[in-house]
Amino acid sequence: MKTKKKLTLKFYQNLGKLFYAIAAADKQVRDTEWDKLKTMVKERWLDVDIIEDDYNTEAAYQIEIVFDWLNNEEKLNAKACYDAFINYKNEQPHLFTKAIKKLIMKTASAIAHAFAGLNKSELIMLAKLNIELKK
């Protein structure tokens, strides 16, 4: 018998940090990267787990909310956001199934490729993420 792990709001919020880090790796978040994130949330992440936040909104939208907040309000550096995600991942390894890891890499790669292909900082961050997710 297979049990399904319930993902939490904190899980999705940390994904928002990660995807912001990927987009901000070159110190600039472009509209095409933001648009790609919204597309990936709508097309891929909404179906991952059916939980809602306190406002009866699908929890996967927390990815967008945190990304937007970091981009417009906080302006945290990409490394700090990436490190926060990795710390969360290491504290909650049971949430990171093979399918989730694959979807994380697919989303991160799509965001990185959204504007004029990959640049060096995005490539380095994607490679580090790939290594982390294989642990």
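Just so it is clear, none of the values below were taken in a lab; they were calculated from the coordinates. All figures in this text were calculated on a predicted structure; none of them were measured in a lab. Positions of Cβ are backbone-derived with ideal geometry, glycine not excepted, and every protein chain shown enters the neighbour counts.
For Glu43, neighbours were defined as the other residues whose beta-carbon sits under 11 Å from its Cβ, and their charges (Lys and Arg +1, Asp and Glu -1) total +4. Relative to the Cα centre, the charge distribution of the chain, modelled as +1 at Lys and Arg Cβ and -1 at Asp and Glu Cβ, gives a dipole magnitude of about 860 debye. Using a simple spin-label model with pseudo-atoms 7 Å out from Cα toward Cβ, Thr97 and Leu118 lie 2.7 nm apart.
The long axis of helix 120-133 is offset from the longest Cα principal axis of the chain by roughly 20 degrees. Would you report the distance distribution of C-alpha pairs in the chain as whole percents per 10 angstrom bin, up to the bin with the largest distance? In whole percents, the pair-distance histogram is 12, 48, 34, 6, 0.
Distance between the 7 Å Cα→Cβ label points at Asp35 and Glu73: 2.6 nm.
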